[in-house]
Amino acid sequence: MESEISEIFGHLGKLIEAHRDMGLEPPPLSDEALRYLENAESGINTIRAKEAKVPYTPDGAPDRGEQPHSLEALRAAIGECKRCKLHKNRTSLVFGEGSPRAELVFVGEGPGQEEDMSGRPFVGEAGRLLTKIIENGMRLARREVYICNVVKCRPPGNRDPVRDEIEACIPFLQQQLRIIGPKVICSLGRVAAQCLIGPGFKITEERGTWRSYEETPLMPTYHPAYLLRYPSAKQQVWEDIKKVMGHLGLEVKKNG
Ligand code: SF4
């Protein structure tokens, strides 16, 4: 109950932030109330972590012997999934796309509206920015990497996926990563990082530092949607991407 109330406040806080981004005045609330709403979102994660009876990243993956051995087989096994409530409003299940032999996998939190409509990950405004990072910054083709999300169906109103949705869906991501076996994972944004690293991960303080997911090096960085709101963070993301490129043996442009 506590987490549900906090989530409602968290969403109100996001709404106010979006209003500000559009240049609108925040609602006439006291400074204290506004501060509370803006902080509520980070509070949700603390509560989630406290309440979690199982690790935030579920480790109850099915018997390895029964796991699909290809992405196609995994996609077929997922079928018209109804394992969590996100299936109710989806247009498409957004499985992921790219090379099944990718050395680099990007992981975001979940599909947005354009992704839901098209069935492809990261094709909206934030996705176009990610594509620029891959193509112009890293000098790779988008099809050379793999791009997917923690949850495969769009959370309503682009809210963050909640714990039961993540727990239902994350085994699919775990299997994608196992099948692909990348050299590096790059998590995009707080939710993906917390799912792959742990609930205590603080994106603003800890992005850009190497972590690992099941022995695969993992570089947590900001979500491109964050860069659309805060373009000044682009330099930090570029520094993180350069570390990924270094690990992959890719040449970094001097003035990139
Ligand atoms: S989000 Fe994942 S678990 Fe939930 S319905 Fe979609 S595919 Fe299934």
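The values are calculated or read from the model by the stated rules, or taken from the named source; none is laboratory data. Note that this is a predicted model, so its numbers are computed, not measured. All Cβ positions, even for glycine, are placed from backbone atoms using ideal geometry, and neighbour counts span all protein chains on display. When the accessible area is computed, the model is the full protein with side chains, heavy atoms only, and any ligands, DNA or RNA have been set aside. Shrake-Rupley method; radii C 1.70, N 1.55, O 1.52, S 1.80 Å.
Residues that are touching a Gly at 6+ places or on another chain (Cβ under 9 Å), of a type in the set (A, V, I, L, M) and under 16 Å from residue 184 (Cα atoms) were ranked within segment 139-155; the one that is farthest from the ligand (Cβ to nearest atom) is 145. May I ask you to list the residues in segment 234-255 that are among the acidic types (Asp, Glu) and surrounded by 15 or more Cβ atoms within 10 Å (Cβ to Cβ)? Answer for segment 234-255, where residues must be among the acidic types (Asp, Glu) and surrounded by 15 or more Cβ atoms within 10 Å (Cβ to Cβ): just 240. Picking from residues in segment 156-199 that are touching a helix residue (DSSP H, G or I) at 6+ places or on another chain (Cβ under 7 Å) and among the charged types (D, E, K, R), the one that is farthest from the ligand (Cβ to nearest atom) is 183. Restricting segment 92-115 to residues that are open to solvent by 30 Å² or more (accessible area, probe 1.4 Å) and farther than 20 Å from residue 160 by Cβ, the residue that is farthest from the ligand (Cβ to nearest atom) is 103. Based on what the data block shows, is residue 79 at pLDDT 95 or above, at positive phi and surrounded by fewer than 16 Cβ atoms within 10 Å (Cβ to Cβ)? It is true that residue 79 is at pLDDT 95 or above, at positive phi and surrounded by fewer than 16 Cβ atoms within 10 Å (Cβ to Cβ).
For segment 148-191, taking the residues that are small (Gly, Ala, Ser) and open to solvent by less than 10 Å² (accessible area, probe 1.4 Å), the one that is farthest from residue 223 (Cα to Cα) is identified as 187. Looking for something over 20 Å from residue 159 (Cα atoms), modelled with pLDDT of 95 or more and assigned to a helix (DSSP H, G or I) - is there at least one such residue anywhere in segment 213-230? Scanning segment 213-230 turns up no residue that is over 20 Å from residue 159 (Cα atoms), modelled with pLDDT of 95 or more and assigned to a helix (DSSP H, G or I).
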